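Enquirer: I am attaching a structure below and will ask some questions about it afterwards.
What follows draws every value from the coordinates through simple rules; no lab data is involved. The structure displayed is predicted, hence computed values, not measured ones. Neighbour counts run over all protein chains shown; Cβ positions are idealised from the backbone, glycine included.
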Amino acid sequence: MSPVLSLRQVSKVYGHATAPVHALRAVDLDVDAGELVAVMGPSGSGKSTLLTIAGTLEKPSSGQVTICGSDLSALSADATAGLRRRSLGFVFQDLNLLAGLSAVENVALPLELDGLAARPARAAALRVLAELGLTDRAAHFPDDLSGGERQRVAIARAVVGDRRLLLADEPTGALDAASGEGVMRMLRAACKRGIAGVMVTHDAQLASWADRVIFIRDGRVVDQTAPPASPDALLTPDPTS
Ligand code: ADP
């Protein structure tokens, strides 16, 4: 199975040749379907740049980005926009939910913008809201929801339809600890259903919900945690001991 997202030697340089800013340096990263990867690092280390490039919102200065098997450098601008509309979902700290639309209308919007008729778009939105425990909130407007509920609606909007890659920037930044943990549970469950997820966070506790954590410093991936051993491994005697 090939990864949903693959970065190969991806670098990004901002600014002029006389004063270049190396936001990313030769980053390699693969994220598989069903896997949630957390990205940690100090401010200015390149985390947002990584999300922006993985989200096709900017092009790398060099290196290769592959999403769902498509090498982005070989796609036209229109094809890239289509891939972004259909296959990518974004969750930001300031959720960008539209206040004049109900929860279900907010979640259905990306599908309708992509040309799906209102009725099937609404049905798909209701299915995702149900998976996130929000059926009884579907008709509510964002102002009538709690912070945690609003964030779950934003996650629903980011995973609705046939989305393959979920990109989240500090998705729990504005929430208290209990709501933040609830949101992480939802995010992880969404990934377990077969979406690849990349989440930037400053919070090590929240990062521990991920299958893997990568650390970035000065634009380089400096460390990766191995996936945690399954609980079964603790019960199996170690043959070397
Ligand atoms: P982080 O998300 O880890 O705080 P960023 O990816 O936002 O880091 O930024 C990495 C580096 O790239 C920083 O030095 C930042 O100032 C620079 N940078 C980010 N975006 C731009 C831009 N559009 N133009 C110029 N420099 C930028």
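Enquirer: What does the convex hull of the alpha-carbon atoms of the range 170-221 project to on average, in nm²?
Expert: One quarter of the hull surface, i.e. the mean projection, equals 3.8 nm².
Enquirer: Sorted from fewest to most neighbouring beta carbons within 10 Å, what does the list MET199, MET1, MET40 look like?
Expert: Least to most surrounded, the residues fall as MET1, MET40, MET199.
Enquirer: Quick one: what does P(r) look like for the range 69-205 with 5 Å bins over all Cα pairs, in whole %?
Expert: Calculated over all Cα pairs of the range 69-205, the distribution is 2, 11, 21, 23, 21, 13, 7, 3, 1 percent.
Enquirer: Next up: Could you compute how fast the range 1-53 diffuses translationally, taking Rh as the Kirkwood radius over C-alpha pairs and applying Stokes-Einstein at 10 °C with viscosity 1.306 mPa s? Give it in µm² per second.
Expert: Rounded, D is 128 µm²/s.
Enquirer: Which of the helices in the chain meet the span-like rule: DSSP H, Cα axial reach of 24 Å or more, Kyte-Doolittle mean at least 1.0?
Expert: Helices meeting the criterion: none.
Enquirer: Follow-up. Would you list, by chain and number, the lysines whose Cα falls below 24 Å from the Cα of LYS192, excluding same-chain residues fewer than 8 positions away?
Expert: LYS47
Enquirer: What does the charge count around MET40 come to, taking other residues whose C-beta lies under 12 Å from its C-beta (Lys +1, Arg +1, Asp -1, Glu -1)? Don't skip to the answer; put the middle values down first.
Expert: Values: positive: LYS47, ARG212, ARG217; negative: GLU170, ASP203, ASP223.
Result for the neighbourhood of MET40: 0.
Enquirer: Shifting gears a bit: Take the alpha carbon gyration tensor of the range 24-67, find the square roots of its eigenvalues, order them as a ≥ b ≥ c, and report rounded if a/c is under 1.5; if not, report prolate when a/b exceeds b/c, else oblate.
Expert: On the way: a/c = 1.68, a/b = 1.07, b/c = 1.56.
Note, shape of the range 24-67 comes out oblate.
Enquirer: Something else: Starting from the Kirkwood Rh over alpha-carbon pairs, what translational D in µm² s⁻¹ does the range 7-145 have by Stokes-Einstein at 20 °C and 1.002 mPa s?
Expert: For the chosen part, D equals 123 µm²/s.
Enquirer: Whole-Hz ³J(HN,Hα) for each residue in the range 27-38, computed from phi via Karplus 6.51 cos²θ - 1.76 cosθ + 1.60 with θ = phi - 60°, x for glycine and proline: what do you get?
Expert: Listing the rounded values in order: 7, 10, 7, 10, 10, 8, 4, x, 10, 10, 10, 9 Hz.
Enquirer: Right, here's the next one. Could you list ARG122, ARG188, ARG157 so that the one with the fewest beta carbons within 10 Å of its beta carbon is first and the one with the most is last?
Expert: Arranged by neighbour count, lowest to highest, ARG122, ARG188, ARG157 become ARG188, ARG122, ARG157.
Enquirer: Two-decimal Rg/Rh of the chain from alpha-carbon positions, Kirkwood Rh?
Expert: Values: Rg = 18.6 Å, Rh = 18.8 Å.
For the chain, the value is 0.99.
Enquirer: If each residue of separation counts as 0.36 nm, what is the full-extension length gain between ASP28 and ALA123 once their alpha-carbon separation is subtracted?
Expert: Taking ASP28 through ALA123 to full extension adds about 30.4 nm, to one decimal.
Enquirer: Rounded to the nearest 500 deg cm²/dmol, what is the calculated helix-only ellipticity per residue at 222 nm for the chain, with -39500 (n - 2.57) per DSSP H run of length n ≥ 4?
Expert: My calculation for the chain gives -10000 deg cm²/dmol from helical runs alone.
Enquirer: Also, I was wondering about something else. Summing +1 for each Lys or Arg and -1 for each Asp or Glu, what net charge is found among the other residues whose Cβ lies under 14 Å from the Cβ of MET1? Can you show the working numbers first?
Expert: Working: positive: ARG164; negative: ASP30, ASP32, GLU35.
Summing Lys/Arg as +1 and Asp/Glu as -1 gives -2.
Enquirer: About the Cα centre of the range 5-227, how large is the charge dipole given +1 on each Lys and Arg Cβ and -1 on each Asp and Glu Cβ? Please answer in debye to the nearest 20.
Expert: It comes to approximately 400 debye.
Enquirer: Please give the FRET efficiency for SER62 paired with GLU112, using the beta carbon to beta carbon distance and R0 = 25 Å, rounded to the nearest 0.05.
Expert: Calculated value: 0.10.
Enquirer: Just the Cα atoms of the range 74-144: what Rg and Dmax do they give in Å?
Expert: Rg then Dmax for the range 74-144, in Å: 13.5, 45.
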